[in-house]
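Shown next, in structure tokens, is the structure this report addresses.
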Amino acid sequence: MTANTPMSGKDTAAAFKGLVIGLVVIATLVLTTVYLTNKKFEGHEQPTAGATH
């Protein structure tokens with residue numbers, strides 16, 4: 001940040017609210033994707049070392 005930019009202004013609250021909401025939405029999307037991917041591959045077995053080559 002620069003020295004001339006105050007952290008108080010009429011848009012500061014909206015900026016932080018948007019930042020927090022954006023982080024929550026992105027975290028929810030990532031965690032949902034991981035959960036659904038794990039659920040999809042839950043019944044699959046791990047390949048053995050000999051089966052991959």
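Shown in residue order for region 9-21 are the 3J(HN,Hα) couplings computed by the Karplus curve 6.51 cos²θ - 1.76 cosθ + 1.60 at θ = phi - 60°: x, 6, 9, 5, 4, 5, 5, 5, 5, x, 5, 5, 5 Hz (x for Gly and Pro). Karplus-based coupling profile of region 29-36, in residue order and whole Hz: 5, 5, 5, 5, 5, 5, 4, 5, with θ = phi - 60° in 6.51 cos²θ - 1.76 cosθ + 1.60 and x standing for Gly or Pro.
Accessible area of PHE41 (1.4 Å probe, protein heavy atoms only, ligands and nucleic acids ignored): about 110 Å².
The values are calculated or read from the model by the stated rules, or taken from the named source; none is laboratory data. Remember, predicted model here, so these are calculated numbers, not experimental data. The area values use the complete protein model at the heavy-atom level, side chains included, leaving out ligands, DNA and RNA. Shrake-Rupley method; radii C 1.70, N 1.55, O 1.52, S 1.80 Å.
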